[in-house]
Amino acid sequence: MTRIACFYVPMFPLAARLRSEPDLLQEALAIIDGNAQNAHVIAATRRARTKGIVPGMSLAQARSIIPKLIARPRDTECERTAQEALFEVAETFSPRVEDAGEGIVFVDVTGMERHFDSETDLARAAIRAAARMGLTARVGIAASKLAARVAAELPHSPIIVEAGKESEFLAPLPLARLTPELDAATTLRRWGIGSIGELAGLPESEVASRLGELGRELHYAARGIDPRPLIPRPLPPDFREGMELEWPLVALEPFLFIANAALDRLSQRMEMQGFACKRLELTLALEPDGFYARGIGLPAPTRDVKTMLTLLRLDLEKNPPGAPVVGFSLVAHPDRPRRAQLSLFGPAALSPEKLATTIARLVSLLGENRVGMAMSVDGHLPERYDIADYAPPPPPETRRKPQKSRALLAIRVLRPPVAVEVITREAEGKTQIASIRGEGDLSGPVRMSSGPWRVESGWWSDAPAAREYWDVELERGGIYRVYQAAPSTDWFVDARYD
Amino acid sequence: MRELRAALGPSIAAKVRSGAELLRSAANSGQTSIIPTTLEPIDALLGGGLQRGKLVELVSRFASGRFSIVLSTLAAATTMGEAAALIDLGDHFDPQLAEENGVDLRRLLWVRPRSVKEAVMSAEMITATGFQLVVVDVGLHPLRGRRAPEAAWVRLARTAESHGTAMLVSSPYPLTGTACEAVLKGTIARASWIGRGKAPRLLEGIDMNVTLEKHRHLKPGSSTSVTLRFVDAS
């Protein structure tokens, strides 16, 4: 027997707005639809409702009751992301989830009794999970989508409808719970039909002959029969959060404050699905019109909000949008976090997730190309190097002995090379360097020198290099590598032996 | 535990150990608690090498093989399969030479900060990630950026201690103050050359002198010398 749970968020436009702006929960807030004279209330907070604000009231009427009523228009971006969040909550319970829109999702919970003591426990767990995502949800479980939805819409959630007892459950409820078409509802009211049970008691053929196919479907629904199957939705390729702003933002800090909350929600959603963010895309809606889009690649998949926010800050500081911002959306492209099997006997392996977060934070602190794995490069010029993403191999299964040192003299490369003046002299039939004049320690008479060694590189390219290298030891201490770059006569120090 | 051993035969009782005894024996074995520099005289000065969880400072203003000790330690750690990081404030690292020295570049995280403050922050982040060896090389005199307060080094030393990371700070003059476990000081090293008169002259290497200036558990004042050979890795 199929069991379907319906997750339902009452007053969804309001719930979506409060998820993005939780501070408004205690205020007298109304969500309005329509413009100017047509603006009317579609949902309101408890504080506003207790003062008499009800859906359908015009904004002018509502303001006459509460002059300081906060009115917010419907925010499609907020609603879309709240729907995504509800969908993802449902996905943590079952992979078969149907998105019915407007704060409703259906979940196939058949076979879940192995994970929960009862369906009531399952429903309560779902309510708690939705609350963690900032959504107040109700849950109903039944054998059909229709009965589950009606059960979820009722107060005192969760409500579980036993299998085969759908018609008994629906019978005492008012007919409006089946949301019939207006014409059919008017006709049925004229017949004196007020409850679902009264409609179910009528002969099906008589209802169908008078109300047509619509009447037959309504009669089926009244008997708790819902032939519509659950149509699962595939997993979305990315995670999106965003909102439209009440007024344009011109400074970075207020925007980052809002973006921080959005990133926090993104991180929670990705964590729920076991994903981490590999790439972040920001789209800003600008005033008076136009959009500004930025893509930020993360050095490693991470869910660390601080890291993502720092990278966002750095990117926007470097590339400001150039106009006031009236809305934004953040899209996180997910990737599986790196996993590793830790060893019992070998050196401790680094936690891949911790490493990814650290590298991302280091990149945000120091900038790109300043953190990574050094790579040797084929060539002849000594200053050559390359840097790549740091992805260490797993440590050996058992601890190895260290390699015996070759006791080699190391070189400190000076990047960029330091320009110096060099005085040469002839001695014993050879050219030798007599002294160096440069900044700081790079100055003084030379005790010993050897060279030159000629290095030619890239003679076939546009930037050939021809240099003559010398090793020099200063009287005051310090051994340096100097070179003269042909065809000029300039001298440089490019390394110090240390 | 005594009762258990008494109940067992002597051959089996000798093999039964409590968890605390196992931990003590692992700590006393010294094999896992030290990362050697693999330069024997230096290791002898430090009582075997760099203690995990401790900060050792290597100080020398003039050319004295300071960077050679750094590379040798990195080579030792990475060939053992440990994760190592080099915070290279002066941007002096040469991958070709490091590979020649035996450093496994795949296990080495190379970080190039621009100031001492960035270097200390990076070192703290990396240590907290679980790297087994973190080397902070602050480059040549004068230092880029201002000095970090001593409290920052104390905090870094505590982070190293709590994560069991061996930390080596290589600097032209003392930086870490009371935070370090040991201080090694290098003196001016003289180069040795081969080839006299009209014969071509070649740099052969340097003789490095290092003194143990401070150690919390060993008697300071002892000195040693190490010969480092020149190799053309270009």
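Derivation of every value follows stated rules applied to the coordinates shown; laboratory data play no part. Remember, it's a predicted structure, so these values are computed and weren't measured experimentally. Every residue, glycine among them, receives a Cβ derived from its backbone with ideal geometry; neighbour counts consider all protein chains shown.
Just a few scattered comments:
- Average projected area [Cα convex hull, chain A], square nanometres: 38.2
- Formal net charge of residues neighbouring A:T310 (Cβ-Cβ distance under 15 Å; K, R +1; D, E -1): 0
- Crossing angle, helix A:305-318 versus chain A [Cα axis fit, 0-90 degrees, rounded to tens]: 70
- Subset of A:K354/B:K214; A:K354/B:K15; A:K404/B:K185; A:K404/A:K430; B:K15/B:K54; B:K117/B:K214 violating a 28 Å alpha-carbon distance limit: A:K354/B:K214; A:K354/B:K15; A:K404/A:K430; B:K15/B:K54
- A simple count of charges around A:A71, restricted to other residues whose Cβ falls under 15 Å of its Cβ and scoring Lys, Arg +1 and Asp, Glu -1, yields +2.
- Residues A:D75, A:D289 in ascending order of nearby Cβ atoms (within 10 Å, fewest first): A:D289, A:D75.
- Cα shape, region A:267-379, gyration tensor, a/c 1.5 rule: oblate
- Ordering B:K198, A:K165 by the number of other Cβ atoms within 10 Å of each residue's own Cβ, fewest first, gives B:K198, A:K165.
- Part-to-part distance (alpha-carbon centres) for region A:1-35 and region A:390-444, which is given in Å: 66
- Only DSSP H runs of four or more residues enter the estimate; each adds -39500 (n - 2.57), and after division by the residues of chain A the mean residue ellipticity at 222 nm equals -9500 deg cm²/dmol.
- Helix axis angle, A:252-273 relative to chain A longest principal axis, alpha carbon, degrees: 70
- Take each residue in A:387-399, count the other chain C-beta atoms within 10 Å of its C-beta, and the mean is 4.
- By the rule of a C-alpha distance below 15 Å, with chain neighbours fewer than 8 residues away ignored, the aspartates and glutamates paired with A:K68 are A:E27.
- Looking at the protein assembly as shown, the DSSP beta bridges with both ends there are about 80 percent antiparallel.
- For region B:177-234 versus region A:110-177, the inter-centroid distance based on Cα atoms is 77 Å.
- Charge sum, other residues only, whose C-beta stays under 13 Å from B:V183's C-beta, Lys/Arg counted +1 and Asp/Glu -1: +2
- Degrees separating the helix A:204-222 axis from the principal Cα axis of chain A, which is the longest one: 50
- Relative to one another, the C-alpha centroids of region A:344-374 and region B:38-93 are positioned 20 Å apart.
- Antiparallel content of DSSP bridges confined to region B:113-234, in %, to 5: 75
- Counting DSSP beta bridges with both ends in chain B, the antiparallel % (nearest 5): 45
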